[in-house]
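Derivation of every value follows stated rules applied to the coordinates shown; laboratory data play no part. This structure is a prediction, so every number in the text was calculated from the model and none was measured. Using ideal geometry, Cβ is built from the backbone for each residue, glycine included, and neighbour counts are taken over all protein chains shown.
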Amino acid sequence: MVPGYAGKILRVDLTTGNISVDEPEEEFYRTYLGGAGFVSYFLLKEVPPGIDAFSPQNKIIYALGPMVGHPMPGATRSCIGAKSPLTDGYAKTEAGGFVPAEIKKAGYDAIIIEGKAKTPVYLLVTDATVELRDAAHIWGKTTLETQDIIAEDTGVKRVKTAAIGVGGENMVRYACVMNDVKDAHGRGGVGAVMGSKNLKAIASFGKKPPIPVDPGKIRAMAVSMNKEFYDDVLFNKSLAEVGTGIHDMMVAGNEVGNQPSHNFGVNDFPETARITATATMEEHGAGMEGCAACRVRCKKTVEIEEPWNVDKRSGGPEYESLVSLGSTCGVDDLAAIIKGNELANHYSLDSISLGVSIAFGMECFENGIIGLEDTGGLDLRFGNAEGMLEAIELIARREGIGNLLAEGVLRASQELGKDSEEFAVHVKGVEVPMHDPRVKQGLAVIYSVEAAGADHCAGMHDTLFTQDSPGFEHIRGMGAIRPLPADDLGGDKVANEKAVHMWAMFRDSLVACQFVPWSIDEQVEIVRAVTGWSYTTHEALKLGQRIATLGRLYNLREGITSSQDVLPKRMFQPTKSGALSKDGGLDPAKMENAVRLFYGMMGWDEDTGIPRRSTLAELGLSWTIEEEHAIASA
Amino acid sequence: MKQPPREDKGRTTAMQVDIELIGSLREYLPEGQKRAVLDVPAGTTVREAIQAAGVPAGRTWNACVDGALVYEDTELTQRDCLIVFPPIAGG
């Protein structure tokens, strides 16, 4: 028994149907904690090198952490890892909802799935049983229909699901896994991996919550955070009122060029006020919902009848979706954007990669690289809202132009040629999120180096930390140096980013929501209260470094080198209008210098980004060399 | 990103700066007001102008002039239009 945890990892072989349970030693839990820690360990240790991401030998690692299953705000999240069909490297992605807590209450800290079922199946995980069930009758259904059908199948209304829709079934390279229909394990294509295994869903309900060592402390911390949350300046009641993408933030973000428009080529969208979260809730809002045990309730629910029907249970658009399907595609039709978000949720498509891939298609169309004969008559110009929705349908079904766009912008541009690479906005194959790195230049470094590709949740958003503030005090505790302008790319800025990146990897091991403003010290206190360990902030940051290093080792083994730690060409150029149109591009020399500094700070060779032998030893990762999973720098 | 060269709109001993507070920062202006004109000395910094508008120290903000992000110690010039907003983030 591992205190505070379930103490078990479920293993499922879809090829043989074999189901087994591992009970790792407490030492393993202490070293890797859970979530991203487990993902990073098992990917390197167990997934064979050089396989295709759609091979049965790929594994889906669905991992929880020590916080999950305990009644605290922001505790109900899961982390999924696999070999990515987008990058051919490390995929790691988190989501909230209810199903993570159910899996923990069913008695498991992680589920590792390998192989491929002969016919579609879903995995039912409860405290009474684990079984593979026929999913032929659900294959082709949306994630919402899937949840309803499984509830009927099991006779348990409260069953929760982590499922794919047709996007995952058709192995769209950026297909995602939806927790509870509307919480996306968005990035890296893990839903496509599930589809390649004929695995439709993981369904779970459980009755045995994990027992913390100090339940009084857990309760007190939860009560305190529930009261204090609304006073926190950054994460205040605006999240509870409209979720992410509040009017002020979006209008301001557009003003300074942070909000992409027209495939990151313009970033000056006068219609922004029409597509904000505020507008969403005013015009179509049906209330706010939350994840298990969380009082923040930052999840929009929306309802539309005309011109497109949007089901109240499908979930509403976050900031990323509002912008990726909105201004990035030149679209200012809010109802269409909301419908697009529903389709993304139902079909299990990452809304960021989806929007950027469609925008890529739009820019190719407007520049004559593809025409009506390629799109089957679809007018794929920027601003065509109906065209955007039609493109989503085609992508999910891999039909016509949708089959090309389903590959992601890297592969689509390689296939098209004709200088379309210029319009492919990605890092390592992962489409860039809706925070422009030309504005948030420290985040640009994280986009470049993060093993999972451009990830806006893996680093510090520069504009939040330009002054001394309670927010900056939080990150001082992680190792940040001093507040700096957003466009500073010196050593202190890199140190700030490194500190927050370490914390982000630790946070993704707990697996904790970043919208609940626990300080790192408080999160460490939670680990202590759950496990009884004398866990420290130092240990937490070391875990962060361990995870980042494991991700890098995995990528290096798969042939992804520092040559891919670069932003696309567009990021070194100004935009066509708006705030970034004069001197808007990143400085390549400063970026290169910043990336090299980051490598050094992480204990990796500054020239190659390869982790040093001494760093591996310090992190307890010598086994990666000894067992020949990785190479190291001297 | 290099800050664009600031157009000198005419230095005087004192100057006027237009300030617009966005969102929750508006609570520091009189009811219903979004903007104010500040009479400030030449060379006033962004921090000083924001404090002159009543926003207390410790409140986190971002600010821009002509779309370009500006910071605490940036010096303002005559008739700059300073827009101050809650921090840009999102998920």
Condition check for A:I369: touching a Ser or Thr at 6+ places or on another chain (Cβ under 8 Å) and more than 14 Å from chain B (Cβ to nearest Cβ): yes
Matching residues in the range A:525-545 - criterion: being buried (at least 21 other Cβ atoms within 10 Å of the Cβ) and not in a loop (DSSP other than H, G, I, E, B): A:I526, A:V527, A:A529, A:V530, A:T531, A:A540, A:L541, A:L543, A:G544, A:Q545
Failed condition for A:P56, given (1) more than 21 Å from the chain's Cα centre (by Cα); (2) crowded, with 24+ Cβ neighbours inside 10 Å; (3) over 14 Å from A:P210 (Cα atoms): (2)
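For every residue, the table says whether it meets (1) polar (S, T, N, Q); (2) surrounded by 24 or more Cβ atoms within 10 Å (Cβ to Cβ); (3) within 20 Å of A:S563 (Cα to Cα).
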| position | (1), (2), (3) |
| --- | --- |
| A:M388 | no, yes, no |
| A:Q414 | yes, no, yes |
| A:V430 | no, yes, yes |
| A:A444 | no, yes, yes |
All positions within the range A:1-42 that are in a loop (DSSP other than H, G, I, E, B) and either touching an Asp or Glu at 6+ places or on another chain (Cβ under 7 Å) or hydrophobic (A, V, I, L, M, F, W, C) (or both): A:M1, A:V2, A:Y5, A:A6, A:G7, A:K8, A:L14, A:L33, A:G34
Whichever residue in the range A:308-337 is charged (D, E, K, R) and not in a helix (DSSP H, G or I) and, among such residues, is surrounded by the fewest Cβ atoms within 10 Å (Cβ to Cβ): A:D311
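Here's the yes/no breakdown for (1) within 12 Å of chain A (Cβ to nearest Cβ); (2) in contact with a Ser or Thr (Cβ under 6 Å, 6 or more places away or on another chain); (3) crowded, with 17+ Cβ neighbours inside 10 Å; (4) closer than 21 Å to A:M249 by Cβ:
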{"site": "B:R59", "(1), (2), (3), (4)": "yes, no, yes, yes"}
{"site": "B:N62", "(1), (2), (3), (4)": "yes, yes, yes, yes"}
{"site": "B:V70", "(1), (2), (3), (4)": "yes, no, yes, yes"}
{"site": "B:T74", "(1), (2), (3), (4)": "yes, no, yes, no"}
Selection from the range A:398-444 of residues that are away from chain B (no Cβ under 14 Å), among the aliphatic types (A, V, I, L, M) and part of a loop (DSSP other than H, G, I, E, B): A:A406, A:A424, A:V425, A:V432
Hey, A:E342 within 17 Å of the chain's Cα centre (by Cα), surrounded by 24 or more Cβ atoms within 10 Å (Cβ to Cβ) and either within 14 Å of chain B (Cβ to nearest Cβ) or of a type outside the set (S, T, Y) (or both) or not: no
Strands (runs of 3 or more DSSP E) wholly inside the range A:147-257 containing at least 2 residues that are away from chain B (no Cβ under 14 Å) and either within 25 Å of the chain's Cα centre (by Cα) or not acidic (D, E) (or both): A:160-163, A:177-179, A:199-205
Pick from the range B:78-91, criterion crowded, with 19+ Cβ neighbours inside 10 Å and not hydrophobic (A, V, I, L, M, F, W, C), ranking: farthest from A:Q441 (Cα to Cα): B:D80
Boolean, A:E525 is closer than 23 Å to A:S622 by Cα and acidic (D, E): no
Search result, residues across the range A:379-391 that are in contact (Cβ under 8 Å) with a residue 60 or more places away in the chain and in a helix (DSSP H, G or I): A:M388, A:L389
Any hit, the range A:475-498, residues being within 17 Å of A:E539 (Cα to Cα), buried (at least 24 other Cβ atoms within 10 Å of the Cβ) and touching a residue at least 12 places away in the same chain (Cβ under 8 Å): yes
